[in-house]
Each structure stands twice: as C-alpha cells, then as structure tokens.
1. Lysines near Lys52 by alpha-carbon distance under 19 Å, same-chain residues fewer than 8 away left out - which ones?
2. So how far, in whole Å, is the C-alpha centre of the range 45-111 from the one of the range 294-371?
3. Collect residues whose amide H, placed 1.01 Å from N in the peptide plane, falls under 5 Å from the amide H of Ile221; neighbours closer than 5 in sequence don't count.
4. Could you tally the net charge around Glu415, taking each other residue with its Cβ under 11 Å from the Cβ of Glu415, Lys/Arg +1 and Asp/Glu -1?
5. Determine, for each peptide in 442-452, 168-178, 404-414, the mean count of other beta carbons within 10 angstrom over its residues, then list the peptides with the highest first.
6. For the range 351-483, what is the largest minus smallest coordinate of the Cα atoms on each principal axis, given in angstrom and ordered from greatest to least?
7. For the chain, what is the charge dipole size about the Cα centre, in debye to the nearest 20, if Lys and Arg each add +1 at the Cβ and Asp and Glu each add -1 at the Cβ?
8. Can you give the angle from 0 to 90° between the axis of helix 228-239 and the longest principal axis of the chain, with both taken from C-alpha atoms, to the nearest 10?
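The values are calculated or read from the model by the stated rules, or taken from the named source; none is laboratory data. Remember, it's a predicted structure, so these values are computed and weren't measured experimentally. Note: ideal-geometry Cβ built from the backbone for every residue, glycine included; neighbour counts use all protein chains shown. Each accessible area value is taken on the protein alone, full model and side chains, heavy atoms only, with ligands, DNA and RNA left out. Shrake-Rupley method; radii C 1.70, N 1.55, O 1.52, S 1.80 Å.
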Amino acid sequence: MAAEVARELRASFAAGRTRPVEWRAAQLRALVKMIEEKEGDISAALHADLAKPHMESYLHEISLAKASCTFALKGMKSWTKPEKVPAAITTFPSTAQIVSEPLGVVLVISAWNYPFCKSMIHCSIDPVIGAIAAGNAVVLKPSEIAPATSSLFAKLLPEYVDNSCIKVVEGGVEETTALLEQKWDKIFYTGSGTVARVVMAAAAKHLTPVALELGGKCPVIVDSNVDLHVAIKRIAVGKWGCNNGQACIAPDYIITTKAFAPELVDSLKRVIERFYGEDPLQSADLSRIVNSKHFNRLTSLVEDKKVADKIVYGGQTDEKQLKIAPTVLLDVPLDTALMTAEIFGPYLPIITVEKIEESIDFINSKTKPLAAYLFTKNKKLQDDFVANVPAGGMLVNDVALHLANPHLPFGGVGESGMGSYHGKFSFDCFSHKKAVLIRGFGGEATARYPPYTTEKQKILRGLINGSFIALILALLGFPREKR
C-alpha cells in the first residue's frame, strides 16, 4: 500500500496538479471549511483519545489550525513570488532572483500528544499546511496512539481536499516502516529521539532531508523579584493546561534559589487547587494520560523512595481513569530518571541553586532544550539568558506563547530537533530555494576567455576585486581580440 500511495502522489505531482497557487489556496480553504463544519467531531475525537477538555481543544488545536490556514492564505501569494536579489559586478549586466519551488512528495509523521494540532499545525502552524502552501503532494501518517483522531483524519480529509495529492495513511509500526522504505522528497517527524534516529536512518538511504521536532527537558528559571502569582499561573497553565504536561514545550522543571523555593511551592499549591480543585483527579479541566503504557512509565518515575520523598504536593493517581494529579517535587536527586529524561507528564520538579545566575550553567550542562523559559525583572539576567542559553526557542515571563506568533520560527537544536517552521518558515521548510541568474548577450568580456594573457589577468583580478575601471575595460572589450 505504501508503495502504491507514493507512486500515485508522485504521478500527481509530476502532472503539475499541486503547483498552481489556485490549487494550493483551494486546499487551504477546504481545510478551514472542514475545521468550521466538523469542530464538534474534532473535539469529540480529542476527548476520546486524551479526555482533553473542550476549551483546551479549541484554544490549543482547533482555533490555531484555522489561524494557520488563514495566515498561509494571506501570505502565500507573496511567498511564491520570485525574490529579487542584487546582481554582482562580476556578472554585469544581469538580474538575479531566488525562486521557491516545491520539493515534491513529502511525508509528515505526526505525534499523539497533539493529534489534531501536530498533524495540522504543530502547536500553532501545521507542517501539512506549509507543505500544501509550498505546492507539494503530502502523505499524513497520524499516530496510532490517538486512534479516534487518526480515524477522523482518514475519514474527513478525503471529503474536503484533493485526495489524489493529499493522503492519510493509518496504522502502527508496520505501516510506518513501509512508508519509510519509500523515497520521499522530505520527511517531517514529530516525536521521540529514539524513533527520530530510525527515521533519519531510513531517510539516509535515499538522501532524503528531514525536519525533526523532538522535545527535551524544557527548563523554567524563576527569579525572586517576579510577580509570583502571575508567574505561577502562567507556569501552571503551560504545564498542566497543556495536555497535563504531555506537550513538547511544557515546562519540565523549575530552577530557583533555595531561599525563594518555599514561597514558590506555596504559590504553586494555591494556584493548582484554584485551577483544578481539591481533588484534581475529578477535574474536567485536566487531560488524562494517553494510555496505560505511558501511565505506568510516569508512575514508575516516582516509585523510587528517594524521589517519592521529594513530593511536596499532589502525587495522586487513578489507574482506571489514567489520571495523575499535578505533582510538585523539591530537590529531586539529579541522577534519577525523573531528572535525566524528558518527563512528558504532570510531574514538576523544582531544582534549587544558591544564586539565580547559576541556573544558566545548570541548563547548559544538559542537552539543548526545545524551549527555555525565564521569569525575572532583572534586565541583565534576561540578556544573559537570551545570549547564553542555546535552545530551540525561548520566552521571558511566560511559557509556550511563542508558538502563537506565526512570524517566529519554531524548531529544535541539537537533540531537541532540526529544521524550523511556522508561518512562512513552514512554507520554506517544504520549498527549495532555487538560484536564478539571467543574462542577455551584451556585456561580453573578452578577458573572460583563454588564452589568459597578462592584460586579461589584470582585468579579471580587478573585476573580482570590484574595480570599476576593470569593469569599464571589460565592457569595452579590452584587451581587443579578433573574432
């Protein structure tokens, strides 16, 4: 099936179906129509897969998917125009431009944690939307771990978009492996580093470029001079209000000073109770863990006594509902699994340092995160943070909201991923930037051609060094030669 899908899409692309801007716009308008007409079905699928609250589904997925389509529709006409660039003196007279052309047939493998958003806009702007806007044929492989949303995609997309150029392939490891055996012009993958290595190995066989969004342990530095109540509300909604911590850009751990930690913990307790009540497991505003495998993975992280003893709030679980309450831990040993791997769940450890400035060195001792956050009123600390912390992206005095700005690129660095997208960056992710230089038959410089006499060499060296006199001599045909 995978080979047949690839052949069909390649034939459609070769026939030029996806190249016209009108076709691209029609597909994006169809996606907007689908989102508007099927909002209830989308929300229901997300609730079935993750018990995701309806308002969270709308805020983080449905509204953002629609916004990304609208943004692409507004910008696509200018994005597809050739970009004029200066011509060099060595090619005078000439014109130069950069032409964006589609890569061809691309594969998008999406994640389960934001099954609609990740396959439609990836936390704000969908790679599929970018691929369509750039004029590609697309295969979307939704995650089998979110079966309701995967099934919904397979049912709805063919009803709204051109199924000869945009296809959905459902399935698990076997189907994904079969897809990876095919030759694609780009593979976009969202998920774990372990699977990313498999994707890259498969892509390497065909010299296929990849874009990878892989997450990591996203740190949050909290200075003591902040408006603590506002800071904690923003951290809490970015942690537990984003799929109960199951998000690539959710805060993974907090760093603060030993002196400030007790006040920070007390504020976290108050805000969590205000948001999710005295019994968070019964809250309708808290997503469940995606399945029993991930539930068991998460609960095993705190089974170790030296971790369990560090819980200062929360920790309740309900295996039947697959729910884990927001859980705060203080000074967890750094060699435990909770602190060495991405948590991707509702646990929020707090690490303490003597001076807040030490937090930058702590972050830099780990792998580069997908996102890094800082809460402070200290301009010097802010400048040091921006200048010296390598991360895919960062946000000062809030969390996650940088994804809502379509003018900012989104992507990882190092082990948190490669490639960037969002807005025009998503269009660029699926485009080849073709260099085009156009000359006429005038301006012939005889010094360009052999045999290279001393006079010719002087003129050529002058041209290369930007000499206006050398340009005039070359255009006048010096040194003179017989035709």
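1. Of all the lysines, those that pass the test against Lys52 - Cα under 19 Å, at least 8 places apart if same chain - are Lys38, Lys66, Lys118, Lys239, Lys293, Lys320, Lys323.
2. About 35 Å separates the Cα centre of the range 45-111 from the one of the range 294-371.
3. Close amide H contacts, sequence-distant or interchain: Ile255, Tyr373, Leu374, Phe375.
4. +3
5. 404-414, 168-178, 442-452
6. Reported extents, whole Å, longest axis first: 81, 33, 26.
7. Details: 55 positive and 51 negative charges, 500 e Å.
Here the size comes out at about 2400 debye.
8. Once rounded, one gets 70 degrees.
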